[in-house]
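Notes follow once the structure below has been shown.
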Amino acid sequence: MTYDYIVIGAGSAGCVLANRLSADPAVSVLLLEAGGADTKMEIHTPAAYSKLNGTPVDWGFWTEPQTALNGRRMYQPRGKTLGGCSSTNAMAYVRGNRLDYDDWAAQGNAGWSYEEVLPYFIRSEHNEQIDRLDAYYHGQNGPLNVTFAQQFQTPLAGAFIESCQQTGIRLNHDYNGAEQEGTGLFQFTIKDGRRHSAATAFLKPALNRPNLTVIVRALTKQVILKNDRAIGVEFITGKNQTQTATAAREVILSAGAFQSPQLLMLSGIGPADALRSAGVVVRKELAGVGQNLQDHLFSGVSSLCSQRGISSNFHLKPLNQLKALGQYFLSKKGPMTISPLEAVAFLKTDPSLERIDMQFHFVPGHMGNDYKTDMYDLATWPTTDGYTILPTLLKPKSVGYVGLRSANPLDAPVIQPNYLTHEDDRRVLIRGLRQALDVMQADAFGPYRQRIQTPTDHASDDGIWQHLLQQLETVYHPVGTCKMGTNSDEMAVVDSHLRVRGVEGLRVVDASVMPTIISGNTNAPVYMIAEKAADMILGKPSANVTKESTGNRPL
């Protein structure tokens, strides 16, 4: 089997690449996905997203024990199906801060400043409510549907936004527009009450193209190298049967921040000593492969609600779940049409900062105060009404790595994020929790607030820290493990065109190429990276913001 391009991983980036590359009928594309088709009902039902963790559509990784968190191992769900994490995440559409991308460009990554990447965000987007936003920053001609929740919203979302304003956080209806800082409703990748994943938006419209081949349940073993060039891949299908495919032009890794570096290392590309320790023959030494792992962390400040039947906990009761499901299947309305998230705030924990460093995810539900509830499993949540603010550390200074457990591609990678090993991360999180407590106690929450229940002791920094030790979780936004950089950066894995250093015909296109983590949820930036990479691969000029890209609206 010979193809022009072989793409590894049908996640957010892989689906975009499969669509954009195969749009040229003269180009043949093979897309390999280790998981199966996205047929589970829970994938497409927004409120059922938490029921996907720990199922066959989740890789279900775990970190190594975290020394700063009393040795806790942290769960790391990753999508294992068409659409990847876009089929299993909470559907938040967040681009990040313009300074994030300007930082990338300032580090020598030409073409990655905010103004240069903005056209690629716009290219993907079909924004349903563009008339409510600044049209310069949004598009309506893209395949990915972006919307505010339309079929259902709790009154708690409005109370959160008003409480944020009462504590000094300004109103911002479009955090993906001119300025990120402020509070408002979340934007989501949802369409007609259903999840709008990368598979739905990009891959399925292209499946009838004769030049696109998609193989599911195909686990890639390694990239085949010859004279420092990627010439194909080996992958496992069926009953452990190994097959080979040849790439006439390029092999493109889009397996994510854990598995793209793992696959490079399995192929003999990475830190020499680590490869030898795992029993892998070194073919190209690249010290940065698997290094520079960064992730977002959050913890909850929650309150019981004095009004009954208005929070998501109410809908967790068996009879109420049945009613909500019935409403959903009959009319695509009601609480099953929305993400567990409702509203958001981006803010500074210190007014002297140049940029925001904290995000509040608002959830119209609570997890109790016994620290036994699984944040990602709504079946374990109490059914008493409540609501939660999740202060999120946006620019962590703690950095970790991904390594090989063995030379067996079936073994999970070693994931060592080193969470909160940098003292500054602890300080910022404590400040963020204190600000979230201020928001919780603002007057706008008065009609709903029964009592704040976590942190149980919030009078001291030590009490907040003990709460963090027990409830801190990852937002599962791992990035950076195949970082983009210049030739002078010995830890850079790819150049500004996402080509693997020292290996021809091989690129990485996913969240692993981010040199630094962006200030917000990472799914939207991965779409942007893939859109930009497609132009680079096909030799097209860089896109610009035009009236056509934004839906023919005045700029």
Legend entry - Value of relative contact order over the chain, rounded to a whole percent, pairs C-alpha under 8 Å and six or more apart: 23 percent
Legend entry - Intensity falloff of segment 145-283 expressed as log10 I(q)/I(0), Debye formula with alpha-carbon point scatterers, at q = 0.09, 0.11, 0.14 Å⁻¹: -0.55, -0.71, -0.85
Legend entry - Over segment 243-294 - Rg/Rh using Cα atoms and the Kirkwood inverse-distance radius: 1.00
Inset, instruction - Could you quote the convex hull projected area for the chain, Cα atoms only and averaged over all directions, in nm²? - result: 23.9 nm²
Inset, instruction - Would you mind giving the three semi-axes, in whole Å and largest first, of the ellipsoid equivalent to segment 73-145 according to its Cα gyration tensor? - result: 24, 21, 11
Legend entry - For residue 414, residues with placed amide H under 5 Å, excluding near neighbours: 403, 404, 405
Legend entry - Positive-pole candidate from 205, 447, 157, dipole of the chain, charges at beta carbon: 205
Inset, instruction - With both partners inside the chain, how many of the DSSP beta bridges are antiparallel, as a percent to the nearest 5? - result: 70 percent
Legend entry - Cα-centred dipole magnitude for segment 398-499, charges only on beta-carbon of K, R (+1) and D, E (-1), debye, nearest 20: 240 debye
Legend entry - Pairs beyond 24 Å (Cα-Cα), from 239/284; 40/221; 221/284: 239/284; 40/221
Legend entry - Average accessible area per residue (Å²) across the chain - probe 1.4 Å, nucleic acids and ligands excluded: 36 Å²
Inset, instruction - List the extent of the Cα atoms of segment 452-531 along each of their three principal axes, largest first, rounded to whole Å. - result: 56, 27, 16
Inset, instruction - Could you point to the residue in 467, 167, 541 farthest towards the positive end of the chain's charge dipole, with +1 and -1 charges on the Cβ of Lys/Arg and Asp/Glu respectively? - result: 541
Inset, instruction - Can you tell me the FRET efficiency between residue 329 and residue 26 if r is taken as the Cβ-Cβ distance and R0 is 35 Å, rounded to the nearest 0.05? - result: 0.20
Inset, instruction - Using label points projected 7 Å from each Cα along Cα→Cβ, tell me how many nm separate residue 469 and residue 308, to one decimal. - result: 3.9 nm
Inset, instruction - Could you please state, rounded to a whole Å, how far the C-alpha centre of segment 179-233 is from the C-alpha centre of segment 383-428? - result: 24 Å
Legend entry - segment 1-128: mean projected area of Cα convex hull, nm²: 12.0 nm²
Inset, instruction - Whole Å is fine, so just give me how far the alpha carbon centre of segment 257-303 lies from that of segment 6-44. - result: 23 Å
Inset, instruction - Quote the FRET efficiency, to the nearest 0.05, computed for residue 244 versus residue 427 with a Förster distance R0 of 60 Å and r equal to the Cβ-Cβ distance. - result: 0.70
Inset, instruction - Determine which aspartates and glutamates satisfy two conditions relative to residue 323: a Cα distance under 15 Å, and not lying fewer than 8 residues away in the same chain. - result: none
Legend entry - Principal semi-axes in Å for segment 97-221 [√(5λ), Cα gyration tensor, largest first]: 31, 23, 14
Legend entry - Efficiency of FRET between residue 272 and residue 181 - r from beta-carbon atoms, R0 60 angstrom, step 0.05: 0.85
Inset, instruction - Compute the whole-percent fraction of alpha carbon pairs in segment 410-475 spaced more than 21 Å apart. - result: 38 percent
Legend entry - Accessible heavy-atom area order of 329, 152, 346, highest first, probe of 1.4 Å: 329, 152, 346
Inset, instruction - Calculate, in nm to one decimal, what residue 497 and residue 216 gain on full extension: separation in residues at 0.36 nm each, minus their alpha carbon distance. - result: 98.4 nm
Legend entry - Solvent accessible area, Å² - residue 51, 1.4 Å probe, full protein context: 100 Å²
Legend entry - Computed Rg/Rh of segment 185-237, alpha carbon atoms with Kirkwood Rh: 1.18
Inset, instruction - Would you calculate, for the chain, the mean residue ellipticity at 222 nm contributed by helices, counting each DSSP H stretch of 4 or more residues as -39,500 (n - 2.57) and dividing by all residues, to the nearest 500? - result: -6500 deg cm²/dmol
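The values are calculated or read from the model by the stated rules, or taken from the named source; none is laboratory data. None of these values were measured; they are calculated from a predicted model. Quick reminder, even Gly has a Cβ in these numbers, built from the backbone with ideal geometry, and neighbours come from all protein chains shown. SASA here: full protein model, heavy atoms, side chains in, ligands and nucleic acids out. Shrake-Rupley method; radii C 1.70, N 1.55, O 1.52, S 1.80 Å.
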